[in-house]
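Here's a structure for you.
The values are calculated or read from the model by the stated rules, or taken from the named source; none is laboratory data. Being a predicted model, the structure only gives us computed values, none of them experimental. A quick note on method: Cβ atoms are made from the backbone with ideal geometry, for glycine too, and the neighbour counts reach across all protein chains shown. The accessibility values were calculated without ligands, DNA or RNA, using every heavy atom of the protein model including side chains. Shrake-Rupley method; radii C 1.70, N 1.55, O 1.52, S 1.80 Å.
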Amino acid sequence: MIKIKTIKSLRGLSRYPAWKAGWEKKEDIDVFSYISSICNPEDLLLCCKLLFPDLIVVGDAVLLEHKYEPSRFDMWFSELEGDICAIEKIVNHTHIYDVFEGCSDEVDDAVFEQLSEVISMSWRLLLNSKFPERKFCVDVSNSDQEYGPVVTFYQVK
């Protein structure tokens, strides 16, 4: 038997361990028990839009549909002299903290870092599936110059 972990062991969680602590037989409880008891299917379905977002193709550029604004695209196209890769890097640039700006809970930075890795994995799958003839780079960064973890994608020529 070979076990294949698609996502590394989860770190920095607080809600799940607190919930699990309330159970008498903790060994019978796992993340799927939590999902079954606490998570709403609508919330999970809506989160799928983050993992598998709608895309828009403008000329040769592949962009996140919800971040595309024609006038801003035209501005970047002019300013970057038509460099599609550079435009994609900017337009598709997604701050994970901003995605969850309405969350008032204290969330460990490790959770956001892990989410950025999962999002990048799903975006790779999506881009490879929808554009098998193109090559994309999906970048994850988390530097002092940025506001938390960032995920973006762009084509590699």
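Evaluate E = 1/(1 + (r/R0)^6) for K3 and C39, where r is the Cβ-Cβ distance and R0 equals 22 Å; express this FRET efficiency to the nearest 0.05. Display every interim value, and only then the final one.
Working: r = 24 Å, r/R0 = 1.11.
Between K3 and C39 the formula returns 0.35.
Going down the table (K89/K157; K5/K135; K49/K130; K8/K89), which pairs top 18 Å between alpha carbons?
On the way: K89/K157 13 Å; K5/K135 25 Å; K49/K130 15 Å; K8/K89 26 Å.
From K89/K157; K5/K135; K49/K130; K8/K89, over 18 Å: K5/K135; K8/K89.
Can you give me the solvent accessible area of W23 with a 1.4 Å probe, rounded to the nearest 10 Å²?
The accessible area of W23 comes to roughly 110 Å².
A61's amide H: which non-local residues (gap 5+, or another chain) put their own amide H closer than 5 Å, with H modeled 1.01 Å from N in plane and none for Pro or chain starts?
It is none; the list stays empty.
Further, regarding this structure: Using a basic spin-label model with each label point 7 Å from the Cα along Cα→Cβ, how many nm lie between V57 and E69?
Each label point lies 7 Å from its Cα, and together they span 2.6 nm.
In what order, largest first, do E65, E133 sit by accessible area if the probe radius is 1.4 Å? Kindly include the intermediate steps, with their values, before the conclusion.
Numbers: E65 90, E133 130 Å².
I get E133, E65, largest accessible area first.
Still on this model: Could you compute Rg(Cα) / (2.2 N^0.38 Å) for segment 97-157, with N its residue count? Before the final figure, lay out each step's value.
Numbers: Rg = 13.4 Å, N = 61, 2.2 N^0.38 = 10.5 Å.
Computed over Cα atoms of segment 97-157, the ratio equals 1.28.
I've got another one for you. Of the listed peptides 66-75, 36-45, what is their order by residue-averaged count of other C-beta atoms within 10 Å, with the highest listed first? Please report the intermediate quantities before stating the final value.
Values: 66-75: 12.5, 36-45: 9.5.
Output ranking for 66-75, 36-45: 66-75, 36-45.
For R124 and L10, compute 0.36 nm times the residue count separating them, minus their Cα-Cα distance, and round to one decimal in nm. Before the final figure, lay out each step's value.
On the way: separation 114, 0.36 × 114 = 41.04 nm, distance 2.07 nm.
Extending this stretch completely gives an extra 39.0 nm.
On to the next question. Once ligands and nucleic acids are excluded and a 1.4 Å probe is used, how much of D28 is accessible, expressed in Å² to the nearest 10?
Spelled out: D28, probe radius 1.4 Å, area about 100 Å².
Whenever you get a sec, line up T94, T6 from highest to lowest accessible area (probe 1.4 Å, protein heavy atoms). Walk me through the intermediate numbers first.
On the way: T94 15, T6 105 Å².
If we order T94, T6 from most to least accessible, we get T6, T94.
HN-Hα J couplings of segment 83-92 from phi, Karplus 6.51/-1.76/1.60, θ = phi - 60°, integer Hz, Gly and Pro as x?
6, 4, 4, 5, 5, 4, 4, 6, 5, 7
For segment 56-133, state the average projected area of the convex hull of the C-alpha atoms over all orientations, rounded to one decimal in nm². Intermediate results must be reported in sequence, preceding the final value.
Numbers: hull surface 25.0 nm².
For the Cα atoms of segment 56-133, the hull's average projected area reads 6.2 nm².
Amide H of F136: which non-local residues (sequence gap of 5 or more, or other chain) have their own amide H closer than 5 Å, using H built in the peptide plane?
V156
Bins of 10 Å, beginning at zero and ending with the bin holding the largest distance: percent of Cα pairs per bin for segment 1-86, please.
Going from the shortest bin to the longest, the percentages are 12, 26, 22, 18, 16, 6, 0.
What is the log10 of I(q)/I(0) for the chain, computed with the Debye formula using one identical point scatterer on each Cα and no solvent, at q = 0.08, 0.15, 0.19 Å⁻¹?
-0.30, -0.92, -1.30
Could you check how much of the accessible area of the chain is carbon and sulfur, as a whole percent, using a 1.4 Å probe? Let's see the in-between values first.
Numbers: 6020 of 10880 Å².
The value for the chain is 55 percent carbon and sulfur by accessible area.
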